[in-house]
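> Mind having a look at this structure? Questions to follow.
The values are calculated or read from the model by the stated rules, or taken from the named source; none is laboratory data. All values derive from a computational prediction rather than experimental measurement. Cβ placement follows ideal geometry from the backbone for every residue including glycine, while neighbour counts extend to all protein chains displayed. Just so you know, the surface numbers come from the protein's heavy atoms only, side chains and all, with ligands and any DNA or RNA stripped out. Shrake-Rupley method; radii C 1.70, N 1.55, O 1.52, S 1.80 Å.
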Amino acid sequence: MRKKLAAALAVMVVASVCLTACSKTDTDAATGETATAETATGETAAIEYDLGLDDDGYFRNVTASKYIKMPKGYKTFTVSEDVYTVTDDAIQKELDAFQNNYNLTKEVTGRAAQNGDVVNIAYEGTVDGVAFTGGTSEDYSLQLGSGTFIDGFEDQIVGHNVGDSFDVTVTFPDGYGSTTDRTTGEQKIELSNKEAVFHVTLNKISEYSMTDADVTSIMSGKTLQDGTAITTTALLRDYVEENLRLNQVSSDVQQYFLDNMKVKKDITDLVDMNLQTNLNYVKQEAAAYDMDLETFVQTYSNYSSSEEYSESLRSDTEDGIKLSLAAQYLAEEQGYKPTEDDVRAYVGTNYDYAAETYGKGPLAQECLYNKIMGRYCLDVYERSVAEASK
């Protein structure tokens, strides 16, 4: 059981500032087209993908400088050294995730599982003897020591051998949320602070194994900021460190803008358009699980109700709009509008499908955001290092 159940509960337009492949996730679109989804109650939810964007990625009929006032001194903003310092543990965690994502492992035999191994397990979880929804898998790969599952779960697998079946007992943390009886789907089961027993079978033990050839193949076309191609495990480590650093700087930059940028003109309409699209998308996800929104939220999130989730989503959506306006402000200042070639290069081989499905506007906005804010974050980093070295 994961600490946070993985379900698509947020297609929020919260911009993430990063230079490579870390864009705003799950792009919405601006074509005015609609899609429909059957909900668990039989209702049809229309998803309108018109986010009010033009094909250049700008908010339609919006001049950002008329909507927001940038923080004083934004052109000289710097961050502290602890913000742009990256730890070895953080780098290793990303490298482990990379290897796991591309299944760069080799099977281990003749010894028990230990921290750092990737184990394949089957498990069924019960609370008070009742199997609950979301607590069962026949084939799950888990890195021991990653902290992916509830505290104590992974530790109790260490020392076991392939073929072992055993019980793992853990306690859900405070505020975890609720689920349902897996058999009937009806009985509500509160998980917060409850003890759960998972019957686990250890199917396989593997350990990470990555070669330069693996890196060269997977990272084809990717480069460091100085243009160096990623062709070795050492260069992959540099790439990860570079991106983690910029991500950390970007988080500080985002908060800086949100805390210090002034909104001069009402942005309610922009927020409402995005919010409704996001909520409809989540309803569609719920329908895929044959649930209504309320059940889906309570089962697959830490929110107690769909109302609480919607309130949180509105706040996140508003922040996303503000950050997108900040990016548009900088783009207007620089006279930049992404060309179709820019966007194609950014999106990659899926461009035609994405443009047809969602429209050109959101793709262009992502490209604009990542180019403009990515450059801004790199400038912040370089200024910060220069300032620290004085």
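> P(r) for the chain, please, calculated from all Cα pair distances in 10 Å bins and given in %.
With a bin width of 10 Å, the distribution comes to 5, 19, 25, 28, 19, 5, 0.
> Now, a different point. With r defined as the distance between the Cβ atoms of residue 61 and residue 333 and R0 fixed at 30 Å, what FRET efficiency is calculated, to the nearest 0.05?
So the FRET efficiency works out to roughly 0.95.
> Moving to a separate point now. Sort segment 74-227 into rounded, prolate or oblate with this rule: let a ≥ b ≥ c be the square roots of the eigenvalues of the Cα gyration tensor; rounded if a/c is under 1.5, and if a/c is not under 1.5, prolate when a/b is larger than b/c, oblate otherwise.
Oblate shape, in that a/c is at least 1.5 and b/c is the bigger or equal ratio.
> Sort the following peptides by mean Cβ neighbour count (other Cβ atoms within 10 Å, averaged over residues), highest first: 103-111, 134-142. Can you show the working numbers first?
Details: 103-111: 12.3, 134-142: 15.9.
So the peptides 103-111, 134-142, ranked by packing, come out 134-142, 103-111.
> Below 15 angstrom from the Cβ of residue 208, what's the summed charge of the other residues (Lys, Arg +1; Asp, Glu -1)? Kindly include the intermediate steps, with their values, before the conclusion.
On the way: positive: 93, 106, 204, 237; negative: 94, 96, 107, 117, 207, 212, 214.
Local charge sum for residue 208: -3.
> Also, I was wondering about something else. Roughly to the nearest percent, how much of the accessible area of the chain is carbon and sulfur, given a 1.4 Å probe? Write down the numbers at each step before the final one.
On the way: 8280 of 19030 Å².
About 43 percent, which is the carbon plus sulfur part of the accessible surface.
> Sort the following peptides by mean Cβ neighbour count (other Cβ atoms within 10 Å, averaged over residues), highest first: 327-334, 189-196, 383-390, 158-165. Mind showing how you got there, number by number?
Working: 327-334: 19.2, 189-196: 16.0, 383-390: 11.5, 158-165: 13.5.
In decreasing order of mean packing, 327-334, 189-196, 383-390, 158-165 become 327-334, 189-196, 158-165, 383-390.
> If you don't mind, another one. Can you tell me the orientation of helix 306-334 relative to the chain, as the angle in degrees between its alpha-carbon axis and the longest Cα principal axis, to the nearest 10?
40
> Okay, next question. May I ask you to order 125-132, 276-283, 214-221 by the average number of other C-beta atoms within 10 Å around their residues, highest value first?
Details: 125-132: 16.6, 276-283: 21.6, 214-221: 14.2.
Per-residue mean Cβ counts within 10 Å order the peptides as 276-283, 125-132, 214-221.
> When a/c reaches 1.5 or more, the comparison of a/b and b/c decides; with that in mind, is segment 223-359 rounded, prolate or oblate per its Cα gyration tensor?
In terms of gyration-tensor shape, prolate.
> Residue 165 to residue 109: FRET efficiency via 1/(1 + (r/R0)^6), r the Cβ-Cβ distance, R0 22 Å, to the nearest 0.05?
Values: r = 18 Å, r/R0 = 0.83.
That pair, residue 165 with residue 109, gives E of 0.75.
> Another question, then. Which of the pairs 222/337; 75/264; 75/390; 66/283 have their Cα atoms more than 28 Å apart in this structure? List each step's numbers first, then the result.
On the way: 222/337 24 Å; 75/264 20 Å; 75/390 19 Å; 66/283 34 Å.
Where the Cα-Cα span goes over 28 Å, the pairs concerned are 66/283.
> Between the helical axis of 360-388 and the dominant principal axis of the chain, each derived from Cα atoms, what acute angle in degrees is found, rounded to the nearest 10?
Helix 360-388 sits roughly 90 degrees off the main axis of the chain.
> Please compute the contact order of the chain in relative form: average sequence separation of alpha-carbon pairs under 8 Å and at least six residues apart, divided by the residue count, as a percent. Display every interim value, and only then the final one.
Details: 677 pairs, mean separation 121.2, N = 390.
Rounded, it is 31 percent for the chain.
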